[in-house]
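The values are calculated or read from the model by the stated rules, or taken from the named source; none is laboratory data. This is a predicted model, so every value here is computed, not measured. Quick reminder, even Gly has a Cβ in these numbers, built from the backbone with ideal geometry, and neighbours come from all protein chains shown. All accessible areas refer to the heavy atoms of the entire protein, side chains included, with ligands and DNA or RNA removed. Shrake-Rupley method; radii C 1.70, N 1.55, O 1.52, S 1.80 Å.
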Protein chains: 2
Amino acid sequence: MKISVVGGGQLGQMMALSCIKLGVSFSFLDPSKDACAQLVGDLIQHDYDSQEGIDAVIACSDRVTFEFESVPAQTVAKIAKKLPVFPSAKALEVARDRLFEKTLFQKLGIQTAPFADILTQQDLDDAAKTIGLPAIIKTRTLGYDGKGQKVLKTESDVAGTFAELGGVPLLYEGFVDFDDELSCIAVRSESGECRFYPLVQNEHKQSMLHCSVVQNNHPLQALGEQYAKSVLDELDYVGVMTFEYFRKGDQLLANEVAPRVHNSGHWSIEGAVCDQFENHIRAVAGFPLGSTKTRDNVALFNVIGKACDEMALMSIEGAYLHMYHKSEKVARKIGHITLVEDDKDLFNQKMAQIEALLNNDLG
Amino acid sequence: MKISVVGGGQLGQMMALSCIKLGVSFSFLDPSKDACAQLVGDLIQHDYDSQEGIDAVIACSDRVTFEFESVPAQTVAKIAKKLPVFPSAKALEVARDRLFEKTLFQKLGIQTAPFADILTQQDLDDAAKTIGLPAIIKTRTLGYDGKGQKVLKTESDVAGTFAELGGVPLLYEGFVDFDDELSCIAVRSESGECRFYPLVQNEHKQSMLHCSVVQNNHPLQALGEQYAKSVLDELDYVGVMTFEYFRKGDQLLANEVAPRVHNSGHWSIEGAVCDQFENHIRAVAGFPLGSTKTRDNVALFNVIGKACDEMALMSIEGAYLHMYHKSEKVARKIGHITLVEDDKDLFNQKMAQIEALLNNDLG
């Protein structure tokens, strides 16, 4: 089985590291000669929308998947004419547009923050009145890690913001004073079987994921799975999809989905029987899904901008270093650390130890 | 850190699959264009004794290691003049010669079967009298998986055997009516720290490893570690070394060592906190050693000659399929399966299930 991944970053790299053992080999379509996934597969170095790149992908693959959602729609359509492509063009279309995504949540009865579609400054002024302030305004497509969004606190923040964000379609979201952000990684097979990892609680710093802690037996697990399943089924989705929720008390509001493996699931490599990368590729390849059974105490820290104290880190039993072979750069995710420690007290101690060994540079 | 591995088979492949995450990248010196490790590193396709190959290894590496013991001594010597090479030439020299190895065991007070050095048919006739029959006669170098050896039961088996085995130096070993074969994977760092995995019980079919079952808390663990430590320290060894023992009652007889990661340790990928491949590379790279802490019930089956029923296998929770991307061929190791299952009854049931899914072709 040969699988091509559109995108050759760390997500593709980890798909290959987890699935070469299943007899799968990988190619990566990526315009960068430095794409870090090429360590574990063939690099098809072309732009995402180039015909040469698309032809090369089709020539060498049995099936195709993606490591990011903003793949050109034309690329997906062209490949899908020749080969099975998962997730589907339709799923990508919904998930890469914040309005489509929120509208789908609404249709399926999934709670969200109040929102409005913004195509003009007038729409923005209106939403500030009807939904109210504070609010968050986001580009409908292409944003991640806090890019392409702005917090609106006062009316003066609203003025001129449409132009400031580039005059592109925006989504206005009423501010939710949430208690925490939870995410749920789910996977669905071609036959419609769904499996879910436990909810994880995510802590951000400067809008970038800093730390995720697995929440085994969370009281909102069933609701999180129910919401996820309704979206997966509605889209007839195949592969891993990630659901980001805001929790306020016992309420769960869907924030957004990512139609792919996700940073907040990297802990599953050591923390679950079958990790998110393997389960995604199992779904894409048509293999049976793997178990999402998870160890008792599991957490993940990102390594951002600068390497951590790797020698000290490697001396902590149960701490797993994952460096992506990317150069250091302010605010760039260059690695992560997973901690698995069955003893809860030791787990908490080691969490503090790891945190102290990070040299993250968020800029 | 760039590490070159002499040999590009599944052992090198698994070193890379376990250690790319540590920020290490790999090259493999192997004469075969099909060397399966090239999936996860650069292939330096040259003969093991070619100057071009040696030059290429030196040019691209910080440190060098091996995935098999019969590397030409000249190759090791030439590389070692330029770069740190682990294990050392001295360790390889001892471990690849069954006489040197047995002599070292004897010197260190480690029990072995009675043995004799055989350089002529006369030596062989003499040994059959002094040590007695039955016995096993083995080539001093290059044998593995039962190749280059013969069981001698009667005097007629002895006649002509020296010529039959190629007229090369042989080792005569008195037959040990052992209860089982155990192996111990050990690792030693440059600073002399040693760590040990639990003993595993190995079951062979037609002289090839069929199955290994981890023996946590085995009463002979301490003795196995003591023997191993004495050899590692004597050789000032760096890296993973594997010790094969015969057990008879509460006696442990050293059979042989392999100066490398070993088939009977593949279970450690999922069964231990830090696997044998990562610990070997940690030792070679000068990183801190990893924990050898092992899950309760762990076993390994080899996939030999023909693929197993992979779809059924992937449906068993806790069964991990590892295919090496090698073509099917009678008696060729093409993959392995690890089982980790905390519940002992389920573990036993799943062992039987996996065994039934194998289609091994031993010829």
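Here are some notes:
- A:Asn279 modelled with pLDDT of 95 or more and surrounded by fewer than 24 Cβ atoms within 10 Å (Cβ to Cβ): no
- Residue within region B:66-77 that is modelled with pLDDT of 95 or more and open to solvent by 30 Å² or more (accessible area, probe 1.4 Å) present: no
- Positions within region A:308-330 being more than 8 Å from every other protein chain (Cβ to nearest Cβ), buried (at least 16 other Cβ atoms within 10 Å of the Cβ) and not charged (D, E, K, R), in sequence order: A:Cys308, A:Leu313, A:Ile316, A:Ala319, A:Tyr324
- Counted residues, region A:9-34 - those being outside any helix (DSSP H, G or I) and either touching a residue at least 40 places away in the same chain (Cβ under 8 Å) or within 14 Å of another protein chain (Cβ to nearest Cβ) (or both): 8
- Restricting region A:250-268 to residues that are more than 15 Å from the chain's Cα centre (by Cα) and in contact (Cβ under 8 Å) with a residue 40 or more places away in the chain, the residue that is nearest to the other protein chains (Cβ to nearest Cβ): A:Leu252
- Region B:35-54, subset open to solvent by 30 Å² or more (accessible area, probe 1.4 Å) and not in a helix (DSSP H, G or I), residue nearest to the other protein chains (Cβ to nearest Cβ): B:Asp42
- The condition (being at pLDDT 95 or above and outside any loop (DSSP other than H, G, I, E, B)) is satisfied by just one residue among B:Glu190, B:Glu256, B:Glu181: B:Glu181.
- Within region B:194-216, not a single residue is over 19 Å from the mean Cα position of the chain (by Cα), open to solvent by 50 Å² or more (accessible area, probe 1.4 Å) and more than 22 Å from B:Ile354 (Cβ to Cβ).
- For region B:226-247, a tally of residues being farther than 15 Å from B:Asn202 by Cβ and assigned to a strand (DSSP E or B) returns 3.
- The lone exception for B:Gln221 - which of (1) open to solvent by less than 20 Å² (accessible area, probe 1.4 Å); (2) closer than 24 Å to B:Val298 by Cβ it fails: (1)
- In region A:293-307, the residues that are more than 10 Å from chain B (Cβ to nearest Cβ) and out of contact with any Cys (no Cβ under 6 Å at 6 or more places or on another chain): A:Thr294, A:Arg295, A:Asp296, A:Asn297, A:Val298, A:Ala299, A:Leu300, A:Asn302, A:Val303, A:Ile304, A:Gly305, A:Lys306
- Within region A:331-363, being open to solvent by 70 Å² or more (accessible area, probe 1.4 Å), polar (S, T, N, Q) and within 25 Å of the chain's Cα centre (by Cα) holds for one residue alone: A:Asn359.
- Odd one out for B:Lys293, checked against (1) open to solvent by less than 40 Å² (accessible area, probe 1.4 Å); (2) closer than 21 Å to B:Ala222 by Cα: (1)
- Residues of region B:282-312 that turn out to be hydroxyl-bearing (Ser, Thr, Tyr) and touching a Phe, Trp or Tyr at 6+ places or on another chain (Cβ under 7 Å), as a count: 2
- Those residues of region B:224-241 which are buried (at least 20 other Cβ atoms within 10 Å of the Cβ) and more than 23 Å from B:Pro288 (Cβ to Cβ), in sequence order: B:Gly224, B:Tyr227
- Identity of the residue in region A:55-70, in a helix (DSSP H, G or I) and touching a residue at least 40 places away in the same chain (Cβ under 8 Å), that ends up nearest to the chain's Cα centre (by Cα): A:Val57
- Residues that are assigned to a helix (DSSP H, G or I) and under 14 Å from A:Val5 (Cβ atoms), drawn from region A:71-81: A:Thr75, A:Val76, A:Ile79
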